[in-house]
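Worksheet: the structure to be examined is printed underneath.
The values are calculated or read from the model by the stated rules, or taken from the named source; none is laboratory data. No experiment lies behind these values; they were computed from the predicted model shown. Neighbour counts run over all protein chains shown; Cβ positions are idealised from the backbone, glycine included.
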Amino acid sequence: MGGSDQGEDGGHLTSSYPAGWPRHKRARASRGSAPPVLIIAGPTASGKSALALELAAALGGTIINADSLQTYRDLRILTARPDEAAEARVPHRLYGFLNAAERGSAARWCALALAEIAEATRAGRIPLLVGGTGLYLRAVKEGLAPVPEIPAEVRQEAIKTHRALGGAAFRDRLAELDPEAARCLFPGDRQRLVRAYEVVQATGVTIGTWQRQAQSAPAYRFGIILLMPPRDQLYAACDARFLRMIDAGALGEAAAISARGLDPTLPAMKAVGLPELLSYLRGDIPLEAATSAAQRATRRYAKRQITWFRHQMTPDLILKAQFSESLLRCSRHFIDRFLLTPSV
C-alpha cells in the first residue's frame, strides 16, 4: 500500500479510475436496503482531502465535511479547507457554514450530515464523509445517545474547577474519573474537558460509555478508509503545510479574528495554530517563534488523532502512506468490492 508521499495540500493527481465510473456499477452500488457511505479518515495532513477529491470525481460522489473546525467560514486557511478549485470539481457540503462566534456540536453536525447523506443518495451520488474529528465520525456511524441534562450547579462547578486548576491539572483530575476521555483530550481543549468532567460527575457514567450506548444508528453501510502515514512523514507534512498557510495569508485570517474580540473559549478560537499567531499579533512573541509553536501544536494534534483512531475506529482499509497514485489504485480495489457487495 506504499507509494510516493505527498502532503494533504499537494498537487492535483489524475485519478486511476476510468473517466466517469461506469453507471451500471453506480446503479448496482445504490441498490439494497443499506445505501453505501464512504468514510475517509485520518490525522491532519495525511492526505484525506486530496484522496477524497479524486475518489469523488471518479465515483460521482459528494464530499461531506467531518472536521469540526472546517465548519467555520472564518478559518479557511488555518483549517486547511478545500480551495475553490476543489469545490468546483465535485459537490462539497458542510464546509464553512458556521460563524466563528457560534459553538458547533456533534449533535448539530450529525443531523446535518445525515441530511446531506440522504440527499446525495437520492441524487444517485456516493456520499464521502471526510475528516479527522473522531467524535463526529462515530456519531454519524453509530448514532448519538442523549446524555441526561446536566444540572446547572454541576456545570458551574466544573467550570470553576477548570479555572482554578488550569488545563493540564484539570485533565489530570479528569483522568482519575475518566481515563479514556483524558487520554484523548489535550489541556487546551477546555470545552471538551469540562464536558467530560461534568458528565461523569453528574451521571456517574463516563461520556464514552454514553456514546457507546448510542441508539438509532443510521441505516447505511459504511466503508472506512483510514490514512495512517509513517509518523516522521506526517510530521514533516504538518510543518510544511503550516509554512504554506503563512504564505497563503494565515496571518491576515488571524488578524481578522482578533479584531472581532471573540470569546477565547469558543471552539473556533482553539483552531490549531490560531492561538500562536494571535500571540504574535499581540506582540508577545516573534513570528518565527509563533510558527515553530504552531507547527509543534499541529504535530501534537496529529499524534492525538492517531491515538484516537487506533483505539476507537475499526477501518476496512488502512493506507500506510500519504496521498499518491498507488493509494488511489489500492482504494479503488477496496471500493469496487465494497460498493458491489450486496447489503446483508
Which is at pLDDT 95 or above and either charged (D, E, K, R) or part of a loop (DSSP other than H, G, I, E, B) (or both), of 120, 80?
80
Based on what the data block shows, is residue 194 among the aliphatic types (A, V, I, L, M) and outside any loop (DSSP other than H, G, I, E, B)?
yes
Please tell me if residue 90 is among the β-branched types (Val, Ile, Thr), surrounded by 22 or more Cβ atoms within 10 Å (Cβ to Cβ) and over 26 Å from residue 197 (Cα atoms).
no
For residue 252, work out the one condition from (1) touching a residue at least 12 places away in the same chain (Cβ under 8 Å); (2) surrounded by fewer than 16 Cβ atoms within 10 Å (Cβ to Cβ); (3) not polar (S, T, N, Q) it doesn't fulfil.
(1)
Could you look through segment 128-144, keep only residues that are in a helix (DSSP H, G or I) and farther than 15 Å from residue 225 by Cβ, and pick out the one that is modelled with the lowest pLDDT?
142
When the residues of segment 268-295 are narrowed to those that are in contact with a Ser or Thr (Cβ under 9 Å, 6 or more places away or on another chain) and farther than 27 Å from residue 228 by Cα, which ends up surrounded by the most Cβ atoms within 10 Å (Cβ to Cβ)?
277
Checked against (1) over 19 Å from residue 44 (Cβ atoms); (2) assigned to a loop (DSSP other than H, G, I, E, B); (3) modelled with pLDDT under 95, residue 101 satisfies every condition except (3)
In segment 104-143, residue surrounded by the fewest Cβ atoms within 10 Å (Cβ to Cβ) [restricted to those that are among the basic types (Lys, Arg) and under 16 Å from the mean Cα position of the chain (by Cα)]:
108
Name the one entry in 307, 298, 265 that is assigned to a helix (DSSP H, G or I) and surrounded by fewer than 21 Cβ atoms within 10 Å (Cβ to Cβ).
307
Do any residues in segment 62-89 that are under 25 Å from residue 124 (Cβ atoms) and in the same structural domain as residue 117 (by TED's automatic domain parsing) have Cβ atoms under 7 Å from those of residues that are of a type in the set (Lys, Arg) and part of a loop (DSSP other than H, G, I, E, B), where the two are at least six apart or on different chains, and which pairs are they?
62/125
